[in-house]
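Each remark here refers to the structure printed beneath this line.
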Amino acid sequence: MTASVPARTDLLVVGAGPAGSAAAAWAARAGLDVVLADAAVFPRDKTCGDGLTPRAIHELAKLGLDDWVRAHTVNHGLRAHGFGQTLLLPWPGGSLPAYGSAVARTELDDHLRTNAIKAGAAGIDGARAVDVRMDGDRVAAVLFDRSGEKFEVACERLIVADGVRSPLGRKLGREWHRDTAYGVAGRSYITSGMHDDPWISSHLELRDEDDKILSGYGWIFPLGDGQVNLGVGTLATAKHPANLQLRPLMEHYADGLREAFQLEGELRAPTSAMLPMGGAVSNVAGRNWALIGDAAGCVNPLNGEGIDYGLETGRIVVDTIREHDDLAEVWPALLREHYGEAFSIARRLAGIVTVPRVLPALGPAGMRSDWLMTLALRWMGNLVTDEDRDRSARVWRWAGRRSIKLDNRPPFS
């Protein structure tokens, strides 16, 4: 047995990104014995736009980290570019904060993990979860490999938060279905004279080197430290796959914006990832285990955002395991209750955008309307909460209810 690694625990959390670290923090604060394990040694990088929406800010505040976030860059909303228009779209506020931020995942994830350890969780890094040991229909233990050394940690409950590929989730039967929209995204860093710009920028008219409009967008998120996060993301389905090279696309995107955004030098640390979106996964829970965050496909189909859902599901799953012994039916039902309708309509809209000629036809009309784009920011940015009762919130929920009835495979099923 590896020194300093507990032999057993009340709750084992595999994956120390925002979802796993939030779950570990909430569980430790509730008095549970918690082990938080990750295959990486922290700090570590992760493919991401690094943006923190008001919904993510709201969850970080619940964890007591609002002052820490405010010590970083703060932005007022979205500067949307495309089809000859530029619109400033402030964050709508309402039941959520009226500001956002951006923090590199190298720093954000390390801070969230440290926060969980300070709350009482035992941290294990550099340990890859390779298998599970079952006792009937319950997970009895998880087998780890750390630099060739094998060991296991027995657990009463298991939370799987190991990211978009979720290797441990696959061991437990998790499947990713690509008949609905999924994301293909690339991200890099570059020095910018606008690193402290109070607006995040999104280019909705993303074109490749042949001047073809792609079903996606480019982004520039100021980090306030001399650089910006620059990336591109496109949508795809099994019927309309994304056949492109992301690094050349990022370089082409950056070259077109060097003067406007005062970009200097070459792109640094380019990475890419494929993203399951909109709950397009099945087998997200068993008797004493549950998938959360990216592992459960909790990624916005319209903008690729997953940090807010990760933080939320990390909190909600802890409340759930404290109230229910059997998670197999309860957890998927709760995910559908919280996200099913919004994910259904969002991935339906995202699927429409992947059809050639749809975006070139509809984009110019949308960008001519501040009102329509403000609604789009709120709906597509996951800024409608259960507490909101205004007309646009009611319309979004109404559309979601009708959309989910048409799904051959509803989210999380």
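Please work out the FRET efficiency for the pair T191 and E156, using the Cβ-Cβ distance as r and a Förster radius of 41 Å; give the result to the nearest 0.05.
Numbers: r = 49 Å, r/R0 = 1.19.
Step by step, r from the Cβ atoms, then E = 0.25.
Leaving out ligands and nucleic acids, note down the accessible area per residue over the chain with a 1.4 angstrom probe, in whole Å². Mind dumping the intermediate values first?
Values: 17130 Å² over 413 residues.
Accessible area per residue, the chain: 41 Å².
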Item to complete: With no solvent and one equal point scatterer per Cα, compute the Debye intensity ratio I(q)/I(0) for the chain at 0.09 Å⁻¹ and report its log10, rounded to two decimals.
Response: -0.52
Item to complete: Ignoring everything but the protein chains, give the 1.4 Å probe accessible area of T180 in square angstrom, nearest 10.
Response: 30
Worksheet item: Does anything in region 238-256 have its amide N under 19 Å from the 7 Å Cα→Cβ label point of A361, and if so which residues?
Response: 239-241
Practice prompt. First select every other residue whose beta carbon is under 10 angstrom from the beta carbon of N288; then total the charges, Lys and Arg +1, Asp and Glu -1.
Written response: -2
Item to complete: Choose one answer from G51, G224, G363: the residue with the largest mean-square fluctuation in a GNM of the chain with alpha-carbon springs under 10 Å.
Response: G363
Worksheet entry | Net charge of Cβ neighbours under 10 Å - reference W26; Lys, Arg +1; Asp, Glu -1 | +3
Worksheet, complete the sentence: Rounded to two decimals, the Rg over Rh value of region 353-404 from Cα coordinates and the Kirkwood Rh reads 1.03
Worksheet item: How would you rank 189-202, 379-392, highest first, on the average number of other Cβ atoms within 10 Å across their residues?
Response: 189-202, 379-392
Fill in: Sum of side-chain charges, D135 neighbourhood, beta-carbon under 12 Å (Lys, Arg +1; Asp, Glu -1)
+1
Worksheet entry | Projected label distance in nm at R178 and D325, using a 7 Å step from Cα toward the beta-carbon | 4.1
Fill in: Backbone N under 19 Å from the S282 label point (7 Å along Cα→Cβ), restricted to region 170-198
170-182
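Within 10 Å, count the other beta carbons around each residue, average over each peptide in 9-22, 58-71, 302-315, 93-106, and list them highest first.
9-22, 302-315, 93-106, 58-71
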Practice prompt. Could you order peptides 270-282, 325-337 by the average number of other Cβ atoms within 10 Å of their residues, highest first?
Written response: 270-282, 325-337
Fill in: Cα gyration tensor, region 166-230 - rounded (a/c under 1.5), prolate or oblate
oblate
Practice prompt. Quick one: pull the percent of accessible area on the chain belonging to carbon and sulfur, 1.4 Å probe, ligands and nucleic acids left out.
Written response: 51
Worksheet item: By its C-alpha gyration tensor, with a ≥ b ≥ c as the square roots of the eigenvalues, how is region 234-366 shaped: rounded for a/c under 1.5, else prolate for a/b larger than b/c, else oblate?
Response: prolate
Item to complete: Return one number: the angle in degrees, 0 to 90 and rounded to the nearest 10, between the long axis of the Cα atoms of helix 358-367 and the longest principal axis of the Cα atoms of the chain.
Response: 70
Worksheet item: Between D211 and R389, what FRET efficiency follows from the Cβ-Cβ distance if R0 is 41 Å, with the result rounded to 0.05?
Response: 0.40
Discussion item. What does the C-alpha gyration tensor say about the overall shape of region 256-323? Classify as rounded when a/c is under 1.5, otherwise prolate if a/b is larger than b/c, or oblate.
Written reply: prolate
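The values are calculated or read from the model by the stated rules, or taken from the named source; none is laboratory data. Note that the coordinates shown come from a computational prediction; the quantities given were computed from them, not determined experimentally. FYI the Cβ positions are ideal-geometry reconstructions off the backbone, even for glycines, and counts take in every protein chain you see. What goes into the accessible areas is simple: the full protein's heavy atoms, side chains included, and nothing from ligands, DNA or RNA. Shrake-Rupley method; radii C 1.70, N 1.55, O 1.52, S 1.80 Å.
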